[in-house]
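The values are calculated or read from the model by the stated rules, or taken from the named source; none is laboratory data. Bear in mind that the values here come from a model prediction, so they are computed numbers and not experimental data. Glycine also receives a Cβ, built like all others from the backbone with ideal geometry; neighbour counts cover every protein chain displayed. SASA here: full protein model, heavy atoms, side chains in, ligands and nucleic acids out. Shrake-Rupley method; radii C 1.70, N 1.55, O 1.52, S 1.80 Å.
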Amino acid sequence: MTPVLQIHGVDVSFGHGPRRKDVLHGIDLALPRGRTLGLVGESGSGKSTLAKVVVGLVRASSGQVSLDGTDVTRLRSRADLFALRRRVQLVPQDPYASLNPRMTVGETIAEAIDPRRGGAARHRAAVAERLAQVALGADAADRYPHEFSGGQRQRIAIARALAVEPDLVIADEVTSALDCSVQAEVLNLLAALRRDLGLTMLFISHDLAVVRHVSDDVAVMHHGRIVESGTAQAVFDTPREAYTQLLLASVPGRRRDAA
Amino acid sequence: MALANHPSAAAPGGAAAGPPAPPGTAGAPTAPGGLRGVLASPWLVFAMRRLGGVALVLTVLVTLTFAIVQLMPGDPARVAAGNNATPEQLTQMRHDLGLDKSVAAQFGDYVAGLFRGDLGHSFQTEEKVSDIITDRLPYTAELALLGVAVVLVVGVPLGMAIAVACRDGRRRRLDGGFTLATGLVGSTPEYVLGTLLVLVIGIQLEWLPVAGAATPSALVLPVVAISLGPVCTIARIVRRETSVVLAQDYLRTARGRRLPARRLYLRHALPNLLTSTLTLAGLLLAGLLGGTVVIESVFAWPGLGTRVVEAITLRDLPVIQGVVLVLGVLACLLNLLIDIVLGLLDPRTLSGKAAS
Amino acid sequence: MTATNLLPRNRRPADGPSPGSARTKRRRRPGLMLTLGLTGLGLLVVLAVVAPWIWGDRAEELGPSVHLGSSGEHWLGTDALGRDIFARTMVATRLTLELSALATLIASTVGITLGTLIWVSGPRIRAVGLRVIDVMISYPAVILALAIAAILDPGPKACVIAIGAAGSPSFARLTANLAASVAGRDFVGSARLLGVGPLRLMRRHILPNIAEPLLVLLSVSYAHTLMALSGLSFLGLGVQLPDYDWGQLLAGGLQSLYTNPVEAVGPAVAIVLAGLSASFVGDGLAAAANRSRRADAPAKATKPAEANAAAAVGTAPAVPDDAVLVVDDLRVLRKDGTALVDGVSFHIGAAEIVGVVGESGSGKSLTAMAAARLLPGGLHATARTAELRHPDSAALDLVAPGAENAETRRRLAVEIGIVYQDPSASFNPALKLGGQLTETLRVHLKASRREAREQAIEQLDFVRLTDPASRLRQYPHELSGGMRQRAMIAAALLTRPRLIIADEPTTALDVTVQAEVLRLLRAANERDGTAMLFISHDIAVVGDLCDRVLVMYAGRLVEELTAEDVREGRARHPYTQALLAATPRLDTAAAAPAESAGGPEASAGEPASAEPVRTLAAIPGRPPQPDERPPGCAFAPRCPQVLAACHDTPPPVHSPAPGLSVLCHLEQAGARTGETGTDKPLEAAR
């Protein structure tokens, strides 16, 4: 069975000539269906750029990104790209910026269901179903984003991503703007969705504890490279690379036996 | 992370907004400075950028002024020779003006003339246009520069003082009065202000001369007339920007050092204020140059403005070309001046647009 | 924002719940300026329509008396041909407004189209386009108008085109900039990923979000256009006789200014009023937009002091003699009396690190800023005691109202060092590091430039910044976020303060940098014996660094416990317990049932449901707003172990040892097993 997402030898660089800056070097990743891959790294490690490569917002200078065996870096036609975009959905970090303040929640989700002619009235039932999936009532559809708390907004963003029924969901720092108790709410929702829907997810975060909580497999990024990958247990309990060890040793709240 | 924020993942160090910081700075353990530092000096980058801008403006100006002749309906030669000219005179005039050549050749002649400082002769008075400009430019420049000085010297402190006095919602009455008064004066055009000044101070009170440029005191009313509006506008901008700056984290840091008020506002707030203020002021001051042109008519000021209006009414093409060109260059230089001042005050602006 | 390497977490919203929750329905008052401006414009439009019918004949009527002053018959006098100026001013309204509207229309249409085109085209064209527009924008409109008037013959057509053309760059720039900023927002990116086409994107996502500022510019631009057009007419380049607008009338009035000044008054006033109305509309719109963006302050005032009086009673905790900071019953109040921090008491002993942890809106930062005497404007603090103690001199009152004298300011600056949350925003971007670091030494300790420099270098060395001497000549933006925060710590240490207040100093930092900064803070504490108040939202960080931890919820202190208790998860208050249970931990995750064995390849086909789902404890609901805090325990509505007494009666303080306490009814109710408390004999809950 081919993995949902297969990344092979992807390089990305920005700029030209002396200002050229290599951001990703030879990234290899495989994400099988139904599993969650946690991508950890510090700021500037290239994890968000990798997410953008997968959704097609950033073009790889070399290498392949395959979705279900189709190399998406070769896609040129508008229709193909459109189809690709619908198969991969991204849940952005900041729930305060990711929802259009001038559209009701219903309109936002209806647009995800049908980006061309979507309307809140036309897709009323479908919208309610999506909202129920993230434990929100149907009455939420008529309200505007500012009426919701950060955690609720993040759930709406997740509902929007799921409305497309994507093969792959990319969660980019989805909990880092949230308070601890709200973060737990969103993480629990993601866990439930993984269990119930068999979600395939690329979970990006700088917070190792959160990644450990969510992921089956983990890849550690540093300076645009993947320095270590494996099952969450293997990477977190028996890290092989010095950088991973440093990263883990820096996490607060561990019992200090080494220090 | 915002989707359009490409370099976010790429910047390992704390590079400034805009183009990458010069080498030897962000995160690098090596000492900055040295030969490489000089070569990568932000001033050099700045000079290149600005030279490009100046060249662009000059090109546009030269093309535009040249186009005045080309686009004008009717025959420039007829305008030059007068309505009663015979066909022979017209042909002769056309030849004298070079109108019988191709457009490209005419443009070449025009540009070559510019390099020699030859802007042609007035159709009306036969004077050399360059002489007209050397005669009158000092008057206009005097007015404009004094206006600029007054605007900055009065407007910036006024705005700051109001912002400091009304910080955190204090003295709401003063704030309201300030907004109303500056709004009123700011939306009064300079020619109306000039007219009112002439009326009240010149004619009713007879304190100051109202026309001509014979004595230094004759400068007072025109300068007041052109600067009063921009003073109000600048003061409002400064007031707004100051309250933004006062709310910044770094000002809290400075407050945490319990600095004396003067040091807090002058050393910590002012430089940050000037960047945004002067960027906007640049636009305002260019407008002030336009105001000068208009105000000269009110006060019968012997500057470029009165001359060009006269020339337009009489369709005196070479004079129009020359004056529009010179005024344009003046506006461009004024902007350059402001950018240099900005660069001195806040080196971050050199590398590009300041974070606004 | 100057730095691009900030971690996302520093963008945590200041307040937990959404700023405009359903409860606070915004009342959209249009504002005085907007009302005035709209009324003015409305009247002018009516005038423009009806004036030619009412006064048209009178305006053209040649009278016998020329250059007449103000009289009952001719309010504003008559002109050179004996025509009534008032009537002419009224009639001229229509032409003036029409021409201005036309020119504004040209400017906005051309500008918005141009701006959209610039934004739609690629990044390179965009950069060049914006540059060109910057140049165009700085070019005086009047001079451009002169050139165009010269080409097209003086007249209204030339002027309208010229002013329109001259006004378009500002629309283009605003459109391009706004579109770029809105397009950079996540919701536009999400819509793109959903496959929303460019047209729909523009119509539904971008235009509605940029309409407001464009509308502001439109009205401001209308005012400018009107003035500029009148100015050209005034010069004789605009409207030509026999037509007339206000500018033209003013020019006529100016000619006889010496003999009959009243002639100029009518058109001058008209121009000013029209310009003023339009700019008022612009200002009013801008102000309204600002207002609606700001979180609105609820008007409801409560009397928190009375409600919580019981909790305050008997809270005089045993304070050790060597305490550096002593705070008793601290309140931070808004102007309307709402308490954002409600009766907090604690102390920090010498060389002790005390952490304050809580979620957003818990009042932890305000507590810190109150202790630093640095509350933002509009807030003030009261306390029974809030003082910085010193073995050799009098205690320094931190909540004394009124201005501080020079000695107080000196002591505050020298004895308290502050480390702020966001190192990129807390340094003055326009000043070099050296000046900022040494400022306190030079201003308050009168150190010479050289001494101050040497000490700064020493501290920068201590925080392990490479090449400290040259760092002093650098600007803050030349350092990375982590380096900036280390420099900030160096600045705080420079005066050898007795107390360091660190307000979320690691929130904006990467985890490895955070570990480094925490090490530094601990090293400073060990080297100088500096007491420390450390604020964080991260209970794990606090547990690592501190000796003692205060837990805050909704502006109140709920528990004071040792860091070891935090690390071991031994909390007594249900909120602290919930907070600990909601925090994912590396090692607790390890304790969870083992995952299915095998690498990613081996388990590729396995269904995910085979794996156990670990759940974190989410706390349902959200914290109460400061103005609707319940009279009893603030956590009661969300508490899983809530008792009847919790809702109405403030929880009593249970203090087993100095510096340790729990504010919870459970402690008395005996709901806990195996508790041997040295409880204060307070009333038992029913």
Only one of C:Arg384, C:Arg411, C:Arg442, C:Arg373 is more than 19 Å from C:Ala531 (Cα to Cα), in contact with a strand residue (DSSP E or B) (Cβ under 9 Å, 6 or more places away or on another chain), assigned by TED's automatic domain parsing to the domain that holds C:Arg334 and among the basic types (Lys, Arg), namely C:Arg384
Filtering the range B:166-186 for residues that are in a helix (DSSP H, G or I) and farther than 30 Å from C:Met227 by Cβ leaves a count of 3
A careful count of residues in the range C:102-140 that are in a loop (DSSP other than H, G, I, E, B) and buried (at least 20 other Cβ atoms within 10 Å of the Cβ) gives 3
Say whether the condition of being assigned to a loop (DSSP other than H, G, I, E, B), touching a residue at least 60 places away in the same chain (Cβ under 8 Å) and surrounded by fewer than 24 Cβ atoms within 10 Å (Cβ to Cβ) is met by at least one residue in the range A:221-231. yes
Identity of the residue in the range A:73-106, surrounded by fewer than 24 Cβ atoms within 10 Å (Cβ to Cβ) and of a type in the set (S, T, N, Q), that ends up modelled with the highest pLDDT: A:Thr104
In the range B:247-257, residues that are of a type in the set (A, V, I, L, M, F, W, C) and either within 20 Å of C:Thr438 (Cα to Cα) or open to solvent by less than 20 Å² (accessible area, probe 1.4 Å) (or both) total 2
Within the range C:433-443, is even one residue in a helix (DSSP H, G or I), away from chain B (no Cβ under 11 Å) and either touching a residue at least 40 places away in the same chain (Cβ under 8 Å) or open to solvent by 30 Å² or more (accessible area, probe 1.4 Å) (or both)? yes
For the range A:192-207, name all the residues that are open to solvent by 10 Å² or more (accessible area, probe 1.4 Å) and either facing chain C (nearest Cβ under 9 Å) or in contact with a strand residue (DSSP E or B) (Cβ under 6 Å, 6 or more places away or on another chain) (or both). A:Ala192, A:Arg194, A:Arg195, A:Asp196, A:Gly198, A:Leu199, A:His206, A:Asp207
Matching entry among C:Ala101, C:Ala92 (being within 30 Å of B:Leu304 (Cβ to Cβ), modelled with pLDDT of 85 or more and not polar (S, T, N, Q)): C:Ala92
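Per-residue answers, yes or no, for (1) within 14 Å of chain B (Cβ to nearest Cβ); (2) under 30 Å from C:Gly482 (Cα atoms):
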{"site": "C:Gly361", "(1), (2)": "no, yes"}
{"site": "C:Met369", "(1), (2)": "yes, yes"}
{"site": "C:Ala383", "(1), (2)": "no, no"}
{"site": "C:Pro423", "(1), (2)": "yes, yes"}
May I ask you to list the residues in the range A:164-182 that are closer than 22 Å to C:Asp538 by Cα and within 7 Å of another protein chain (Cβ to nearest Cβ)? A:Asp172, A:Glu173, A:Ser176, A:Ala177, A:Asp179, A:Cys180, A:Ser181
Determine the pairs where a residue that is at positive phi, located within the range C:318-340, has a partner that is surrounded by 14 or more Cβ atoms within 10 Å (Cβ to Cβ) and of a type in the set (Gly, Ala, Ser) with Cβ atoms under 6 Å apart, the partner being 6 or more residues away or on another chain. C:Asp329/C:Ala312; C:Asp329/C:Gly343; C:Asp329/C:Ser345; C:Asp329/C:Ala383
Condition met for A:Ala234 (open to solvent by 20 Å² or more (accessible area, probe 1.4 Å), free of Cβ contacts under 8 Å to residues at least 24 places away in the same chain and at the interface with chain C (Cβ under 9 Å from one of its Cβ atoms)): yes
Hey, C:Ala211 over 22 Å from B:Glu296 (Cβ atoms) and either free of Cβ contacts under 8 Å to residues at least 12 places away in the same chain or part of a helix (DSSP H, G or I) (or both) or not: yes
State all residues of the range C:34-67 that are in contact with an Asp or Glu (Cβ under 9 Å, 6 or more places away or on another chain) and without any contact (Cβ under 8 Å) to a residue 40 or more places away in the chain; if no residue qualifies, say none. C:Trp55, C:Arg58, C:Ala59, C:Glu61, C:Gly63, C:Val66
Within the range A:149-185, residues in a helix (DSSP H, G or I) and hydroxyl-bearing (Ser, Thr, Tyr) come out as A:Ser181
Is there a residue in the range A:217-231 that is basic (Lys, Arg) and facing another protein chain (nearest Cβ under 8 Å)? no
Quick one: would you say C:Ala350 is more than 12 Å from chain B (Cβ to nearest Cβ), assigned to a loop (DSSP other than H, G, I, E, B), on the phi < 0 side of the Ramachandran plot and hydrophobic (A, V, I, L, M, F, W, C)? yes
Can you find, within the range B:276-292, the residue that is nearest to the chain's Cα centre (by Cα) among those that are open to solvent by less than 10 Å² (accessible area, probe 1.4 Å) and polar (S, T, N, Q)? B:Thr292
Taking the range C:516-542 and keeping only residues that are assigned to a loop (DSSP other than H, G, I, E, B) and open to solvent by 20 Å² or more (accessible area, probe 1.4 Å), one is left with C:Gly529, C:His537, C:Asp538
Scan the range B:258-270 residue by residue and report those that are open to solvent by less than 20 Å² (accessible area, probe 1.4 Å) and either under 19 Å from B:Leu342 (Cβ atoms) or out of contact with any Leu (no Cβ under 6 Å at 6 or more places or on another chain) (or both). B:Leu259, B:Leu264, B:His268, B:Ala269
Pairs please, first residue from the range C:147-161 and facing chain B (nearest Cβ under 7 Å) and crowded, with 22+ Cβ neighbours inside 10 Å, second anywhere and in a helix (DSSP H, G or I) and among the small types (Gly, Ala, Ser), Cβ atoms under 9 Å, 6+ apart in sequence or on different chains. C:Ala147/B:Ala67; C:Ala147/B:Gly328; C:Ala147/C:Ala162; C:Ala149/C:Ala158; C:Ala149/C:Ala162; C:Ala150/B:Ala311; C:Ala150/C:Ala158
Failed item, numbered, when B:Leu193 is tested on (1) more than 10 Å from chain C (Cβ to nearest Cβ); (2) under 25 Å from the mean Cα position of the chain (by Cα): (1)
Filtered residues of the range B:213-241 (kept if open to solvent by 40 Å² or more (accessible area, probe 1.4 Å) and not in a helix (DSSP H, G or I)): B:Ala214, B:Thr215
Does A:Leu50 satisfy the condition of being farther than 18 Å from A:Thr2 by Cβ, more than 10 Å from chain C (Cβ to nearest Cβ), in contact (Cβ under 8 Å) with a residue 40 or more places away in the chain and not small (Gly, Ala, Ser)? yes
Please state which one of C:Phe234, C:Phe187 is closer than 21 Å to A:Asn100 by Cα, aromatic (Phe, Trp, Tyr) and either surrounded by fewer than 23 Cβ atoms within 10 Å (Cβ to Cβ) or within 13 Å of chain B (Cβ to nearest Cβ) (or both). C:Phe187
Tally the residues that are surrounded by 15 or more Cβ atoms within 10 Å (Cβ to Cβ) and part of a loop (DSSP other than H, G, I, E, B), restricting the search to the range C:388-406. 4
